[in-house]
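Notes follow the structure.
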Amino acid sequence: MPANTVTININLTSEQVKQYYMGGKNRVQAYTDDGQNISIPYDILLRFVTHHGIYGRFKISYDNNGKCQEISQVG
């Protein structure tokens, strides 16, 4: 199956990340470059957490069922 790809910007402060860590939230809302509102599972972002939070531009590839196949930081 061919992968679909979107690019998003994420800006989560350390306090916002703490809400996810504590279990208060489990999905992150973001807008794609073409204006779509998407909801992604927080756990795919774990490797990008720093002491300051999660900041950056990310490219996400997903299958036709919407399951994340790959995520990479692009800026």
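Every number in this text was worked out from the coordinates using simple rules, so none of it is lab data. Source: prediction; values computed, not measured. Note that each Cβ is placed from the backbone with ideal geometry, even for glycine, and that neighbours are counted across all protein chains shown.
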Open item on the list: For the chain, what does the relative contact order come out to in percent, with C-alpha contacts under 8 Å and a separation of six or more?
Closed with: 40 percent
TODO: Excluding THR5 itself, calculate the net charge of residues whose Cβ lies under 10 Å from the Cβ of THR5, where each Lys or Arg counts +1 and each Asp or Glu counts -1.
DONE: 0
TODO: In whole Å, largest first, what are the principal axis extents of the Cα atoms in the chain?
DONE: 37, 24, 21
